[in-house]
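Enquirer: Handing you this structure, nothing more for now.
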Amino acid sequence: MTNDKLIQVKDLKKYYKGERIKALDGVTVDINRGDVMVVIGPSGSGKSTFLRSLNLLEVPTAGSIIFEGVDITQKKGPDGKKLDIDLHRQKMGMVFQHFNLFPHMTILQNMTLAPVQVKNVPQAEAEKKALELLERVGLKDRADAYPIQLSGGQKQRVAIVRALAMEPDVMLFDEPTSALDPEMVGEVLDVMRELAREGMTMVVVTHEMGFAREVGNRVLFMADGKLLEEGSPDAIFNHPQNPRLQDFLSKVL
Amino acid sequence: MLTVQGFQKALEYWKLFLQGVVCTVSLSALTVIFGFILALILAICRMGRSRILKAIATVYVELFRATPMVVQIFVIFYVVFDGVKVLPGFKLFGFIRFDRFFPAVVALSLNSGAYLSEIIRSGIQSIDIGQTEASRSLGLSSVKTMRFVILPQAIKNILPAIANEFVTIIKESAICYTIGVQDIMSAVNAVKGATYRMAEALIIATVLYFCLTYPTSKVIAHFERKMSAGDKR
Ligand SMILES: Nc1ncnc2c1ncn2[C@@H]1O[C@H](COP(=O)(O)OP(=O)(O)OP(=O)(O)O)[C@@H](O)[C@H]1O
Ligand SMILES: [Mg+2]
C-alpha cells in the first residue's frame, strides 16, 4: 500500500436539531490510495453519515474533507471561484443499500447517463465501456433490461458498475448487501472483492464481518458519532482494545 | 324550443363556430404550454432553498387557487392590460383579435400554472430521495438530475392529473368570451344576436366542447397506458 493520501477527514462534525443529535462528533482519519477501509459499528453510530459526508450528500456542520488536495467543504475552490462539488463527486462512486437504479431507464441507459451528460463521452463509446463493465459482472445479456426485471443481487452489481463507469478514484459503499436475500450476498461481495484486488480505493460500511476481515486492510469502529478504534482487521477482530468494540464484537461475531 | 329550422339557421353560421373551435383550441393549447412552464418554475421555487422565492411562489399559488377564475380574468384584462389600449389590434388567423386573445392566454396560464404547480410538486416529491442521491453522486448537477432522473418519473406519475387539467382548461376557457375572445361561446352569442335564438346554438356548443374534451382525455389515457406498459416489460 502506498501512503498517498486520497481523502483527509479532519474533525468532522454533523449535528441535527441544533446540537441535540450528534451524528458525527469529531472524526479524523486519512484514507490512502488503495485502502479498503471497512467501517463497522452499532446502529445509529454515524457510519452512514460519515460515508455520505465524504461526497457531501450530507453537508457537515464543521470540520473539513480534503479530497485530492481540495477542501470540498469550503464554498470556494482553490481557484477562488465557487467550488463545483459535481466535479469532485464524479470521482467518488457511491453504492447504496437500496441500489437506487433509475427505473425508467434500461441497464445500459443507467450506465451511460452520467458519462455522457457529465463527462461528455460520446454515446457509442459510453455504451461500449458499459457493456465491457457489464460483462465483467456477468450481466452483459441484461443490458437492455429494465431494473425491475433484475434480482436484488443483479441490481446491486449494476449499481456498482454504473458508478465504475465514471472511472472514480474511490468507491463508497453504504451497506451494499443489507437489502439482499442471503443467497445473493455472495455475488455482490465477489464483485467488491475483485474490485479491491484491482487496487480500487474503497470505503465500505458493512455488517459483513467476514468481508471486513478478509478484504479490508483497515477497519474503523464507530460509536456515538466518534471513531473509537482503528486498526488492521487482525488488530480489530483479534485484539480489540476499546470496551465498546469488545462488546460490539461479542454481539455480532 | 329546439326546432330543425333553428338548427339550420344556427348552422348557417358554421364559420363562426369553426372559428370558435380554432380559438378555443389555440387558447387551451397555449395555456397548457405556458401554464406548464410557469408551473415548473413555481414548483421548483416552492421546493428550492431560497425562502423569498418559496414565499412568493406560495402566496401566488394560494392566491390563484382561492379566487374565482372570472375575477382573475377581469383583473388581467381590465386592470393589468387596462382595457385594450396597450395591445396591438391585429388578428390571428385573420379573425382572432389579439388584444382580447392575449390577455385571455395570460389569465388562463397564470391560473392553470398555480394548479399545475401543485400537481408537479406532489409528483416530484413522490420520487424517492435515493434517486436524487444516486444521480448527484454520479456527478450530475441538480438541473440535470431534475431533467433526466426526476421529471421523467414524476411526469409519468402525474400525467393523469395533467390530462385532467388540460380538459379543465378547455372547459374553463369558455369564460373568456366575457372579455370578447371569439371562442365557441362567443359564437353562440353572435348567433343569438343575429337569429334571436339561443337554444340550438347552445346545443351545438355543447357538442363541440364534448368533441374537444372527450377525445383529449381518451388520447392521453392511451399514452398513459403505453407508458406504464414500459414498466412491466
Ligand atoms: N436527517 C436526520 N435528522 C435527524 N437525525 C438524523 C438524521 N440522519 C441521521 N440522524 C441520526 O444520526 C445518527 C447517526 O445516523 P447514521 O444513519 O449515520 O447511523 P448508522 O451508523 O449508519 O446506523 P445504521 O447502522 O442503522 O445504518 C442516528 O442517531 C440518526 O438517528
Ligand atoms: Mg446506515
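The values are calculated or read from the model by the stated rules, or taken from the named source; none is laboratory data. Worth saying up front: this structure is predicted, and the values here are computed from it rather than measured. All Cβ positions, even for glycine, are placed from backbone atoms using ideal geometry, and neighbour counts span all protein chains on display.
Enquirer: If the requirement is being over 30 Å from A:Arg193 (Cβ atoms), among the hydroxyl-bearing types (Ser, Thr, Tyr), in contact (Cβ under 8 Å) with a residue 12 or more places away in the chain and away from ligand 2 (no atom under 16 Å from the Cβ), which of these qualifies: A:Thr61, A:Thr106?
Expert: A:Thr61
Enquirer: Which residue, of A:Ile40, A:Ile21, is within 16 Å of ligand 2 (Cβ to nearest atom) and at pLDDT below 95?
Expert: A:Ile21
Enquirer: Here is a further query. Could you count how many residues in region A:201-235 are in contact (Cβ under 8 Å) with a residue 60 or more places away in the chain and assigned to a loop (DSSP other than H, G, I, E, B)?
Expert: 6
Enquirer: What are the residues in region A:35-55 that are assigned to a loop (DSSP other than H, G, I, E, B), surrounded by 19 or more Cβ atoms within 10 Å (Cβ to Cβ) and within 15 Å of ligand 1 (Cβ to nearest atom), if any?
Expert: A:Gly41, A:Ser45, A:Gly46, A:Asn55
Enquirer: Another question about this same structure. Could you list all residues from region A:166-196 that are closer than 15 Å to A:Val36 by Cα and either more than 16 Å from ligand 2 (Cβ to nearest atom) or polar (S, T, N, Q) (or both)?
Expert: A:Pro168, A:Asp169, A:Val170, A:Met171, A:Leu189, A:Asp190, A:Val191, A:Met192, A:Arg193, A:Glu194, A:Leu195, A:Ala196
Enquirer: Using the structure shown, decide if A:Glu58 is farther than 18 Å from A:Asn242 by Cβ, near ligand 1 (Cβ under 8 Å from one of its atoms) and either of a type in the set (D, E, K, R) or part of a strand (DSSP E or B) (or both).
Expert: Answer is yes for this residue.
Enquirer: Any idea which residue in region B:113-151 is farthest from the other protein chains (Cβ to nearest Cβ), counting only those that are surrounded by 23 or more Cβ atoms within 10 Å (Cβ to Cβ) and over 25 Å from B:Phe64 (Cβ atoms)?
Expert: Applying the filter and picking the extreme gives B:Ser135.
Enquirer: Could you go through region A:70-83 and let me know if any residue there is within 14 Å of chain B (Cβ to nearest Cβ) and in a helix (DSSP H, G or I).
Expert: Scanning region A:70-83 turns up no residue that is within 14 Å of chain B (Cβ to nearest Cβ) and in a helix (DSSP H, G or I).
Enquirer: So which of A:Lys17, A:Lys81 is among the basic types (Lys, Arg), without any contact (Cβ under 8 Å) to a residue 12 or more places away in the chain and near ligand 1 (Cβ under 9 Å from one of its atoms)?
Expert: Going through A:Lys17, A:Lys81 in turn, the sole match is A:Lys17.
Enquirer: When the residues of region A:144-167 are narrowed to those that are within 14 Å of chain B (Cβ to nearest Cβ) and over 18 Å from the mean Cα position of the chain (by Cα), which ends up nearest to A:Lys91 (Cα to Cα)?
Expert: In this case the residue turns out to be A:Pro147.
Enquirer: May I ask you to list the residues in region B:1-40 that are surrounded by fewer than 16 Cβ atoms within 10 Å (Cβ to Cβ) and of a type in the set (Val, Ile, Thr)?
Expert: Correct list: B:Thr3, B:Val4, B:Ile33, B:Ile37.
Enquirer: Yes or no: B:Val106 surrounded by 23 or more Cβ atoms within 10 Å (Cβ to Cβ) and more than 14 Å from chain A (Cβ to nearest Cβ)?
Expert: No.
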